[in-house]
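Asker: Sharing a structure below in structure tokens format, with a few things to ask.
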Amino acid sequence: MTDSPRPTLLDWSNRKVDYLRISITDRCNERCAYCMPHDLKDWQEREEILTYEELLRVVRIAVGLGFRKFRVTGGEPLVRKDADRFIEWLGATPGVESLGLSTNATLLAPLADRLRAAGVRSVNISLDTLDPETYNRLTRGQLETCLGGIDAAVAAGFPQVKLNAVLMRGVNDHELGNLARFAHERGAILRFIELMPVTTTEVLSRENFLSAEEARILLGGELGLTPHEERLGHGPAVYFRTGLGSIVGFIGAMSDLHFCDLCNKIRLTPDGKIRPCLGNHLEFDLKAVLRAGEDDQAVEAVFRSALGLKPREHDFREQYKPGRHMTAIGG
Ligand code: SAM
Ligand code: SF4
């Protein structure tokens, strides 16, 4: 960690960008219906995936440019061999001020204490339902395993545990209150996310879409909600306090017309592309530069090009057709 003054990185529209999401694998041990097709077979080849050494070099250069906040994601990051060791190295990298992990929690239990000790501050866990059958239908996994991981995360004492539920009409719209109670009992922040067109599966139909506003009305009717003015990090969620006293957030990626105004992040895909916006196909090939043996300035130049063309807003409302699945890009 360092206290020296750090550069501020702005994109072309003057948004401060200091957050890099690093996807370390496109593979996953679950098959969430909204994230990838159940029978997906076109995995990225191992040699196409950036090595941990390459990733750590990129992080060191990103820190020098002004990035402060990093999140490891996937696919399911914990399926990659030695993901815990990589996260330890990342946590020990000077200038990494905030370290997060996004996971489905199914492999988290035995690693939670170690990851906490490695400096992981914030763990985001997917949990769309508390019904074992629905969970299995949606993810092809076992709810029990996920819940074990959530309990381990809570017991490990990460400063922030967030549960992410993708909103789906007719699937989990009757569970919003139960999910909020579950999160409250564990001191976790629950966030409801609007379904985004990031893969090609049938679940992404208009009929399945449930807006953040409708969810707010449903949950407000059940538990009571009052606006929570304080921002929690720089994310795009709008937060409320429930009648239970807990905090819930709503991520209106599709319906909130100001969703992109404060966007502070870019993504690094497992195969080494910088993707400035999830909802735009534009990508910049960092791996080619890394593997051509170029110096750090050349790597910095790729970051600067990506920021110079970071879309002002996503294209999800513009008949967007997903190119790569969410798992190939990184959640
Ligand atoms: N495997 C980890 C997990 O499940 O948290 C990390 C990767 S996952 C792609 C990251 C986040 O993306 C999860 O919270 C998941 O719910 C969200 N996600 C995936 N597909 C989505 C979709 N179509 N719409 C909205 N959120 C989605
Ligand atoms: Fe895997 Fe996460 Fe996608 Fe589910 S949301 S399929 S757990 S990467």
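Asker: Just checking, how many residues over segment 38-95 are of a type in the set (Asp, Glu), under 20 Å from Arg267 (Cβ atoms) and either within 16 Å of ligand 1 (Cβ to nearest atom) or crowded, with 22+ Cβ neighbours inside 10 Å (or both)?
Answerer: So the answer is 1.
Asker: Within segment 116-142, track down each residue that is within 14 Å of ligand 1 (Cβ to nearest atom) and not β-branched (Val, Ile, Thr).
Answerer: Across segment 116-142, the qualifying residues are Ser122, Asn124, Ser126, Leu127, Asp128, Tyr135, Leu138, Arg140, Gly141.
Asker: Limited to segment 254-278, what total is found for residues that are polar (S, T, N, Q) and either in contact with a Gly (Cβ under 6 Å, 6 or more places away or on another chain) or more than 27 Å from Leu65 (Cβ to Cβ) (or both)?
Answerer: Qualifying residue count for the region: 2.
Asker: Here's a follow-up. Within segment 62-118, can you find the residues that are among the basic types (Lys, Arg) and within 16 Å of ligand 2 (Cβ to nearest atom)?
Answerer: If the condition is that a residue be among the basic types (Lys, Arg) and within 16 Å of ligand 2 (Cβ to nearest atom), then Arg71, Arg80 are the ones that fit.
Here's the yes/no breakdown for (1) crowded, with 17+ Cβ neighbours inside 10 Å; (2) of a type in the set (Ser, Thr, Tyr):
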residue: Thr103; (1), (2): yes, yes
residue: Ala109; (1), (2): yes, no
residue: Ile125; (1), (2): yes, no
residue: Thr129; (1), (2): yes, yes
residue: Arg137; (1), (2): no, no
residue: Gln142; (1), (2): no, no
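Asker: Now a separate question. Name the residues in segment 153-179 that are in a helix (DSSP H, G or I) and surrounded by fewer than 20 Cβ atoms within 10 Å (Cβ to Cβ), would you?
Answerer: Val154, Ala155, Ala156, Gly177, Asn178 - these are the residues of segment 153-179 that are in a helix (DSSP H, G or I) and surrounded by fewer than 20 Cβ atoms within 10 Å (Cβ to Cβ).
Asker: Now, a different point. Out of segment 273-331, which residues are within 16 Å of ligand 2 (Cβ to nearest atom) and small (Gly, Ala, Ser)?
Answerer: Kept after step one, since they are within 16 Å of ligand 2 (Cβ to nearest atom), are these residues of segment 273-331: 275, 278, 322, 324-331.
Result: Ala328, Gly330, Gly331.
Asker: In addition: Mind checking which strands (runs of 3 or more DSSP E) fall wholly inside segment 212-326 and carry at least 3 residues that are more than 29 Å from Glu185 (Cβ to Cβ)?
Answerer: 265-268, 273-275
To keep it simple, each residue is scored yes or no on (1) more than 13 Å from ligand 1 (Cβ to nearest atom); (2) under 30 Å from Phe303 (Cα atoms).
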| position | (1), (2) |
| --- | --- |
| Glu213 | yes, no |
| Leu218 | yes, no |
| Gly224 | yes, no |
| Glu230 | yes, no |
| Gly249 | no, no |
| Asp261 | yes, yes |
| Asn264 | yes, yes |
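Asker: Would you point out the residue of segment 169-212, among those that are closer than 29 Å to Leu40 by Cβ and among the basic types (Lys, Arg), that is nearest to ligand 2 (Cβ to nearest atom)?
Answerer: Arg191
Asker: Please determine, by comparing only the residues of segment 239-253 that are among the β-branched types (Val, Ile, Thr) and touching a Gly at 6+ places or on another chain (Cβ under 8 Å), which one is farthest from ligand 2 (Cβ to nearest atom).
Answerer: Top of the filtered list is Thr242.
Asker: Give Cys35, Cys28 a once-over and let me know the one that is outside any strand (DSSP E or B), at pLDDT below 95 and under 18 Å from the mean Cα position of the chain (by Cα). First the steps, then the outcome.
Answerer: On the way: Cys28 fails: at pLDDT below 95.
Exactly one of Cys35, Cys28 is outside any strand (DSSP E or B), at pLDDT below 95 and under 18 Å from the mean Cα position of the chain (by Cα), namely Cys35.
Asker: Being out of contact with any Pro (no Cβ under 9 Å at 6 or more places or on another chain) and more than 15 Å from ligand 1 (Cβ to nearest atom) is the requirement here; does Asp18 meet it?
Answerer: Numbers: out of contact with any Pro (no Cβ under 9 Å at 6 or more places or on another chain): yes; more than 15 Å from ligand 1 (Cβ to nearest atom): yes.
For Asp18, the condition - out of contact with any Pro (no Cβ under 9 Å at 6 or more places or on another chain) and more than 15 Å from ligand 1 (Cβ to nearest atom) - is met.
Asker: If we scan segment 190-210, do we find a residue that is modelled with pLDDT of 95 or more and under 16 Å from Leu101 (Cα atoms)?
Answerer: Checked against the condition, which is being modelled with pLDDT of 95 or more and under 16 Å from Leu101 (Cα atoms), segment 190-210 yields at least one hit.
Asker: Of all residues in segment 172-189, count the ones that are under 22 Å from the mean Cα position of the chain (by Cα) and under 14 Å from Gly245 (Cβ atoms).
Answerer: 7
The values are calculated or read from the model by the stated rules, or taken from the named source; none is laboratory data. Computed from a predicted model, the values in this text were never measured in an experiment. Here Cβ is always computed from backbone atoms with ideal geometry, including for glycine, and neighbour counts include all displayed protein chains.
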